Amino acid sequence: MRDLVRHLTDPGTFTPLTVAPRTQPADGPIGWPGYDATRARAAQRTGEDESVLVGTAELGGVPVVLISFVFGYLGGSLGERTGDRLETAYRTALERRVPLVSLIATGGSRMQEGMRALTQLQRVARHSAALRDAGLPQLAVLCDPTTGGGWAVLGGAADVVIALPGAQVGFAGSRVRPPDADPAAYTAESQLATGQIDAIVPPERLRTTLTGYVTALTRPHPGAPPPPAPLTDTPLPQTGWAAVQAARDPRRPRADAYLGAYFEPGPGPLPLSGDRAGGQDPGLRCGIGLRAGRGIVYVAQRGTATTPAGFRTASRVIRLAGRLGLPVLTLIDTPGAANDARAERAGAGPAIAETFTTVATAPVPITSLLIGEGGSGGAMALAAAGNTWATPDSYCSVIAPELAAAILKLPPEQVPQLSDTLRLRPQDLAALGVATVVSAPPERRTPDTE
């Protein structure tokens with residue numbers, strides 16, 4: 001793992017931390033036969049005297065504390081001396097107020113030390129909570145394999161979790177799973193698909209990506225983010241139905257285009273993915289990016305009905321932003337919250353309620369921009385009170401005009417007229433005090449948009 005440490009960190013910046021040696025009885029705390037000899041062979045084979053390296057370093061000029069597991073030393077397992085090193089790393093990060101970055105490759109707790117090994121998980125959890133309370137970011141890189149308590153306590157508890165392609169990731173290691181377990185469930189790819197990690201990053205991009213995260217997480221943008229400018233010079237709609245048609249136009253710029261234009265290139269917008277409860281909504285894109293060298297967290301709907309997993313992901317990401325002092329940009333574009341039977345079984349109501357509450361109580365400024373459809377509570381859940389903007393090719397309504405017609409038992413041909421009655425155009429939203437219309441940049445303005 002020293003090669004990986006050298007690859008990721010700025011040249012010459014890694015400095016090992018001093019950890020007081022622990023005196024243990026012969027063959028460890030439970031007298032496991034041959035344990036001392038096993039450790040001696042592991043040290044000779046790896047050139048390391050424990051299963052983790054800890055030290056200080058810099059990533060792109062950002063000071064960090066680094067934990068790097070040595071899988072060749074007893075499978076990267078956690079014992080008492082491992083716990084000593086991990087505690088030193090966490091304490092140093094807290095004292096210096098810098099991010100903690102963990103490069104994890106472990107099979108779990110060390111059975112040769114019995115329950116004394118397992119209690120190291122409690123020890124790590126306590127120090128992880130202290131960093132969380134102090135508003136300091138924790139990042140984890142999941143190498144192959146990452147299983148057991150190391151995944152559950154160091155990996156799963158991190159604020160940002162990225163994995164190497166094909167890495168084995170799961171609480172159960174390969175030798176202790178049920179005999180009929182699907183091995184595909186214990187992979188980085190499966191963990192990404194089920195909302196447990198943020199991204200899979202190939203080794204050649206790991207340094208750039210990790211540096212991008214620590215830079216954005218530690219350099220918050222001051223104040224509320226400015227709203228993105230419209231990406232078209234579309235004039236304000238003359239009728240409500242024209243507003244609906246403009247927002248539903250498949251050629252209209254979507255969230256990905258807005259994020260690409262808003263944030264700096266380089267690593268670009270970096271993902272914060274999944275609800276950490278088994279769900280991921282492909283119609284919601286969350287992450288963090290740099291604007292003028294400063295970090296802004298984003299939550300962006302992509303034009304589809306937002307699922308309960310999407311709302312839970314949005315809440316998780318906004319809470320993280322609040323804890324780390326990062327402002328938030330939300331891009332609103334949805335016909336509404338998913339309302340099928342699957343969504344109801346997945347807790348649509350509580351998930352939407354959680355997002356409303358998270359946005360309303362966020363301790364950091366939030367800027368919202370309506371860039372397309374704004375369907376009912378599914379859109380309003382992500383709208384910042386008093387700082388919501390709307391592009392000329394957007395609309396927002398208490399209910400979609402077609403659904404309003406169905407409720408009122410009106411024929412389809414009356415939907416356009418009902419769109420006017422609903423007062424859903426951007427300029428109507430401004431008149432109602434719900435949103436401010438954002439203008440196109442001067443170089444793209446036409447007489448129709450003045």
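The values are calculated or read from the model by the stated rules, or taken from the named source; none is laboratory data. Note that the structure is predicted; figures quoted are calculated from it, not measured. Reconstructed Cβ throughout: ideal geometry from the backbone, glycine too, with neighbour counts over all protein chains shown.
Scanning segment 195-209 for residues that are under 13 Å from the mean Cα position of the chain (by Cα) and either of a type in the set (S, T, N, Q) or not in a loop (DSSP other than H, G, I, E, B) (or both) returns GLN196, ALA199, ILE200. Can you pull out every residue in segment 19-48 that is touching a residue at least 60 places away in the same chain (Cβ under 8 Å) and either of a type in the set (Ser, Thr, Tyr) or not assigned by TED's automatic domain parsing to the domain that holds LEU210 (or both)? Within segment 19-48, TYR35, THR38 qualify. Note on segment 129-156: among residues that are out of contact with any Phe, Trp or Tyr (no Cβ under 8 Å at 6 or more places or on another chain), among the hydrophobic types (A, V, I, L, M, F, W, C) and at pLDDT 95 or above, the one that is farthest from VAL64 (Cα to Cα) is ALA129.
Residue by residue through segment 91-104, note down the ones that are part of a helix (DSSP H, G or I) and surrounded by 24 or more Cβ atoms within 10 Å (Cβ to Cβ). The one that is part of a helix (DSSP H, G or I) and surrounded by 24 or more Cβ atoms within 10 Å (Cβ to Cβ): ALA93. Only one entry in ALA163, ALA193, ALA181, ALA158 is more than 23 Å from THR209 (Cα to Cα), of a type in the set (A, V, I, L, M, F, W, C) and out of contact with any Asp or Glu (no Cβ under 6 Å at 6 or more places or on another chain), namely ALA181. Restricting GLU354, GLU373 to those that are acidic (Asp, Glu), surrounded by 17 or more Cβ atoms within 10 Å (Cβ to Cβ), outside any loop (DSSP other than H, G, I, E, B) and within 20 Å of the chain's Cα centre (by Cα) reduces the list to GLU354. On the stretch given as segment 376-401, residues that are over 22 Å from the mean Cα position of the chain (by Cα), surrounded by 24 or more Cβ atoms within 10 Å (Cβ to Cβ) and among the small types (Gly, Ala, Ser) total 3.
Annotation: LEU139 fulfils all but one of (1) over 21 Å from LEU320 (Cβ atoms); (2) surrounded by 17 or more Cβ atoms within 10 Å (Cβ to Cβ); (3) not polar (S, T, N, Q); the unmet one is (1). Residues of segment 7-18 that are part of a helix (DSSP H, G or I) and surrounded by 14 or more Cβ atoms within 10 Å (Cβ to Cβ): LEU8 alone.
Every test in (1) in a loop (DSSP other than H, G, I, E, B); (2) farther than 27 Å from ALA321 by Cα; (3) at pLDDT 95 or above is passed by PRO179 save one, and that test is (3).
Residues of segment 277-329 being under 25 Å from ARG97 (Cα atoms) and either part of a helix (DSSP H, G or I) or not assigned by TED's automatic domain parsing to the domain that holds GLY347 (or both), which ones? Matches in segment 277-329: ARG316, VAL317, ILE318, ARG319, LEU320, ALA321, GLY322, ARG323, LEU324.
Restricting segment 19-49 to residues that are within 19 Å of THR92 (Cα to Cα) and surrounded by 10 or more Cβ atoms within 10 Å (Cβ to Cβ), the residue that is modelled with the highest pLDDT is VAL19.
When restricted to residues that are touching a residue at least 60 places away in the same chain (Cβ under 8 Å) and either in contact with a Gly (Cβ under 6 Å, 6 or more places away or on another chain) or crowded, with 24+ Cβ neighbours inside 10 Å (or both), segment 307-324 contains 6. The single condition from (1) closer than 30 Å to LEU418 by Cβ; (2) in contact with a strand residue (DSSP E or B) (Cβ under 9 Å, 6 or more places away or on another chain); (3) surrounded by fewer than 23 Cβ atoms within 10 Å (Cβ to Cβ); (4) acidic (Asp, Glu) that ASP256 fails is (1).
Just to be sure before I move on: is LEU324 within 18 Å of SER368 (Cβ to Cβ) and among the hydrophobic types (A, V, I, L, M, F, W, C) in the structure I sent? No.
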